[in-house]
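For reference, the structure discussed in these notes is given below.
The values are calculated or read from the model by the stated rules, or taken from the named source; none is laboratory data. Quantities reported herein were computed from a predicted structural model and do not represent experimental measurements. A quick note on method: Cβ atoms are made from the backbone with ideal geometry, for glycine too, and the neighbour counts reach across all protein chains shown. Keep in mind that these areas ignore ligands, DNA and RNA; they rest on the heavy atoms of the full protein, side chains included. Shrake-Rupley method; radii C 1.70, N 1.55, O 1.52, S 1.80 Å.
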Amino acid sequence: MQINHSDPQSKVQSATIFKLTRRQFLAGSAGALALGASFPALAQAGAQETVKPGSRVQAYLLIRPDNTVFLQSPFVEGGQGVNTAMAQIIGEELDMAPAQFTVQCAPPGPDYLVVGGRRFTGGSRSVRSSYDAMRQLGASARMMLMQAAAKQWGVAVDTLTTEPGVVVHVASNRKLAYGELAQAAFDLPLPTDAPLRSEQSFRWIGKPVPRIDVRDKSTGRAQYTIDLTVPDMVLAAVQHAPRLGLEPGDIANESPVRQMPGVISINRLPGAVAVVADQWWRANKAAQALQVTWQTPAEPKARRMPADFSSQAFARQLRDAAGPGMVAQSVGDVAKGLQAGRVVEAIYEAPFLAHGQLEPPSSIARFNADGTLDVWAPNQIPDGFRNIAAKAAGLPAEKVMVHSPPLGGFFGRQFLYEAALPLPQAVILAKELKRPVKVIWSREQEFLRDALRPYSLARFKAAIDEAGKVVAMDIEAVGEGPMGRVFGRKPDAADRSVVEGLNDRPYAIPNVRVSHVPVDMPPVIGFWRAVGHSMNEYFYETFLDEVAQAGQQDPYALRLALLADKPRHKHLLTELVNMAGGWQRGPFDASDGTRRARGLAMASAFGSEVAAMAEVSIDQGAVVVHDVWVAIDPGKVVNPAVIKQQVQSAVALGLSETLVESYVYENGEPQALNFDRYAILRPSQMPNVHVQIIESGAEMGGIGEPGLPAVPPAVANAVATLTGQRPRSLPLSQYKFEPLA
């Protein structure tokens, strides 16, 4: 899609840049009558005001004459269904069907800081953090429309009601469509007491409303950053330094590369060299042909990757790091508890992981004649990306407009990792060339600069008494987390992203200590789907099966015993077992003649509770997963169909992590630069997935990430039952298994 000013949404996005007045914007929008027509300008102007995030209808909604709604959402759609959820929640209170909504990610601004005073799309927080505010926003908009109708008809507001998209005066049977009232409603003050609907009257919240983005995505109309163009734009490809921290020196063949077809310029960037050309294919061909001498600067600008760094050696460094570290949780007396029973010990570890999102990274930068800058970039945090672009441009943040197209996958990839983003490169190049530039990273360059899930290791000690009861648990998590890397680590506190999934478990163990032993790691690290839970729940729940085995207890029975005082968790676990047709641990012979076993696990992640069971067999030494059952309790439900989709995708990613994924370093360089050497789950490895949603009524939890963490331990526990081998590191493809007779 070419971005120009005949496109309505481009006009919306560019309203601030060209300083349109609200009336000018209305005129330029083909007569659109709007409730909140000038929202981009308001959003930016709001930076100078005190704004209650999520409250100003004018910053969010545009109701068109054709009675459709354009919503500027605080969140970016990346396949998780948040656009549909926002349309359901606001539409419920506005009284407008979700199918009538078009949703776009809003620009930076204080109106959209609805995640506890901040704004980002991640941590499975979008819906649960904004649910109440978005309901109130929809209710306020509905009230404004009713007030506008009351004024036009000369009647009292309380004599009016609404039907979807229409204000109704019941006594006279008069009706006015929202599109006819929107302009008049826009100038009314925001209501302070718009009532909310009763949950019992919900028509769309809690229902499997079809996703509003399906048609565009299935027909190719959805436009990602990599699809966009702006007038006079040129394209750039990069060659990154093979190791982080190196800078470009001499280029042996710079002159002949400049003569290659389409090449416009060769530019040195921090840690990379870029080639700008008229086509990206030509730019990339030239960039990869460059013979660059990479130098170690005396004062590197980025974190330096040692030339002898290897995953294997780093794992040894983690094992050797002495504990106990900084305490994240302390209950009872662990030292005394460990002396009171038989001690079981184990060390678990999980490798670096790449994100491998479908859409390769790209960014567009365009400096405007009035001294402002427009950037288009896949991102999870528009305000943060505005700051990154402003820093690269040398501009104040208020002169930068960030456009946030939908994401072709993210899982934490599109966060604030300056060294792992093409955005600063696009800004620098646009500034140097004085024309718009789009930077696209090839898959190889993306693998070279991904923000990885950290390598992780945890040491466990548990004590069991003569009755097999767990009386103490001592856990040391060793490594570094993305939370501390991105936001800064407190020197005297555990990194939450390192210990999450290990601490605050629901199990009734009287003596518990969880600590973090910090060990910095050279690569760029970042958030990965389910963050610390993605590996820590595997560590914990697999070790818990080891404890059960040591105490000669059934792992299902042990968990039920530990959850005796947790009815929500106990109910979830029993519902899981019922869904799977009962607990049949194994090994057992299936109807197809394969020898199988089952494993189960639980996870408490991002406010939701999850239990999972996996059934596996072994084929030529490799693990085959036949079925995965997942019971999820998110407290409250907005869209059960989206929840099932999210759980299914989480199972796929969890299995990929469990079975095959591993990002390996040798000699300071990654050993896989594309999917030919970085294995991900193949379609033939995908099992049957069964999902049950349990709406307990508890506080609303997250959806996108909680479905993943219980999958790896469920599979690993099944494998241990089936083979007698206890896999204490991932992926399982590194082992050769044999089923027990």
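Skip the ligands, DNA and RNA, and give the accessible area per residue of the chain with a 1.4 Å probe, whole Å². Each step should come with its number before you reach the end.
Numbers: 28080 Å² over 741 residues.
Averaged over the residues of the chain, the accessible area is 38 Å².
Among 679-689, 330-340, what's the highest-first ranking by average C-beta atoms within 10 angstrom per residue?
Working: 679-689: 13.9, 330-340: 16.0.
For the peptides 679-689, 330-340, the packing ranking is 330-340, 679-689.
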Worksheet, complete the sentence: For Gln692, the residues 5 or more places away or on another chain with a placed amide H closer than 5 Å to its own amide H are Val630, Ala631, Ile632
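Give me the percent relative contact order of the chain, please, defined on Cα pairs under 8 angstrom at least 6 residues apart.
On the way: 1719 pairs, mean separation 94.6, N = 741.
Rounded, it is 13 percent for the chain.
Starting from the Kirkwood Rh over alpha-carbon pairs, what translational D in µm² s⁻¹ does the range 602-741 have by Stokes-Einstein at 25 °C and 0.890 mPa s?
Details: Rh = 15.9 Å.
Answer from the Stokes-Einstein relation: 154 µm²/s.
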Discussion item. Using each residue's phi in the range 713-726, evaluate 6.51 cos²θ - 1.76 cosθ + 1.60 at θ = phi - 60° and report the 3J(HN,Hα) Karplus result to the nearest Hz, with x for Gly and Pro.
Written reply: x, 4, 5, 4, 5, 5, 4, 5, 5, 6, 10, x, 9, 9
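Lys and Arg at +1, Asp and Glu at -1: add these up for the other residues within a Cβ distance under 13 Å of Gly245 and post the number. Show your work: numbers first, answer last.
Working: positive: Arg243, Lys301, Arg303, Arg304, Arg449; negative: Glu247, Glu299, Glu669.
Around Gly245, the surrounding residues sum to +2.
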Discussion item. Place a point 7 Å from Cα of Asp132 in the direction of its Cβ. Which residues in the range 622-643 have their backbone N less than 17 Å from it?
Written reply: 635-637
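Leaving out ligands, DNA and RNA, what percent of the accessible area of the chain is carbon and sulfur, probe 1.4 Å? Walk me through the numbers before you get to the answer.
Values: 14160 of 28080 Å².
Using a 1.4 Å probe with all protein chains present, the chain comes out at 50 percent carbon and sulfur.
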Worksheet item: Taking the Cα centre of the chain as the origin, how large is its charge dipole in debye, to the nearest 20, when only Lys and Arg (+1) and Asp and Glu (-1) carry charge on their Cβ atoms?
Response: 1180 debye
Worksheet item: Measuring from centroid to centroid over Cα atoms, what is the spacing of the range 473-506 and the range 655-701 in Å?
Response: 22 Å
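Pairs Lys217/Lys434; Lys52/Lys644; Lys566/Lys636; Lys438/Lys490: which exceed 29 Å Cα-Cα?
Details: Lys217/Lys434 34 Å; Lys52/Lys644 34 Å; Lys566/Lys636 18 Å; Lys438/Lys490 37 Å.
The answer is Lys217/Lys434; Lys52/Lys644; Lys438/Lys490.
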Discussion item. On the principal axes of its Cα set, how long, how wide and how thick is the range 232-379? Give whole Å, largest value first.
Written reply: 76, 38, 31
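Which whole-number value in Å³ per residue fits the convex hull of the alpha carbons of the range 457-525? Write out the running numbers ahead of the final one.
Numbers: hull volume 6.0 nm³, N = 69.
Spelled out: Cα convex hull of the range 457-525, divided by residues, is 87 Å³.
Of all DSSP beta bridges in the chain, what percent run antiparallel (nearest 5)?
Details: 84 of 112 bridges.
Within the chain, antiparallel bridges account for around 75 percent of the total.
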Worksheet entry | Segment Ala622-Glu669, length gained on full extension (0.36 nm per residue, minus Cα span) | 14.1 nm
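Heavy atoms only, probe 1.4 angstrom, no DNA, RNA or ligands counted: give me Phe460, Phe675 ranked by accessible area, highest first. Intermediate values should be presented prior to the final figure.
Working: Phe460 5, Phe675 70 Å².
Result of the area sort, largest leading: Phe675, Phe460.
What shape does the range 521-609 take by its C-alpha gyration tensor, where a ≥ b ≥ c are the square roots of the eigenvalues and a/c under 1.5 counts as rounded, a/b above b/c as prolate, and the rest as oblate? Write down the numbers at each step before the final one.
Numbers: a/c = 1.83, a/b = 1.42, b/c = 1.29.
Prolate.
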Worksheet item: Kirkwood hydrodynamic radius for the range 390-439: how many Å is it when counted over pairs of different Cα atoms?
Response: 12.2 Å
Worksheet item: What residues qualify as long-range amide H neighbours of Val234, i.e. H under 5 Å apart, gap of 5 or more or another chain, H built at 1.01 Å from N?
Response: Val437, Lys438
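Rounded to the nearest 0.05, what FRET efficiency is calculated for Lys207 and Trp281 with R0 set to 45 Å and r the Cβ-Cβ distance? If you can, show how the numbers build up before the last one.
Working: r = 46 Å, r/R0 = 1.02.
Plugging the Cβ-Cβ distance into 1/(1 + (r/R0)^6) gives 0.45.
Pulled fully out, how much extra length does the chain show between Glu738 and Glu695, if you take 0.36 nm times their separation in residues and subtract their Cα-Cα distance? Mind dumping the intermediate values first?
Values: separation 43, 0.36 × 43 = 15.48 nm, distance 4.01 nm.
The span from Glu738 to Glu695 would gain 11.5 nm if fully extended.
What is the gain in length, in nm to one decimal, between Asp676 and Gln223 on full extension, counting 0.36 nm per residue of separation less the C-alpha to C-alpha distance? Provide the component values of the computation, followed by the final result.
Details: separation 453, 0.36 × 453 = 163.08 nm, distance 2.72 nm.
Once the chain is fully extended between Asp676 and Gln223, it gains 160.4 nm.
Over the range 254-345, what is the relative contact order in whole percent, taking alpha-carbon pairs under 8 Å and six or more residues apart? List each step's numbers first, then the result.
Numbers: 49 pairs, mean separation 14.7, N = 92.
Normalised by residue count, the contact order of the range 254-345 is 16 percent.
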Practice prompt. Sort out for me the Cα centre separation of the range 294-320 from the range 561-591, rounded to whole Å.
Written response: 45 Å
Discussion item. Can you classify the range 338-380 as rounded, prolate or oblate using the Cα gyration tensor, where a ≥ b ≥ c are the square roots of its eigenvalues, rounded means a/c under 1.5, and otherwise it's prolate if a/b beats b/c and oblate if not?
Written reply: prolate
Worksheet, complete the sentence: Expected vector for the range 265-276, Karplus 3J(HN,Hα) from phi with 6.51, -1.76, 1.60 and θ = phi - 60°, integer Hz, x for Gly and Pro, equals 7, 10, 10, 8, 10, x, x, 6, 10, 10, 10, 9
Worksheet entry | Mean Cβ count within 10 Å, highest first, over the residues of peptides 539-549, 63-73, 80-90 | 80-90, 539-549, 63-73
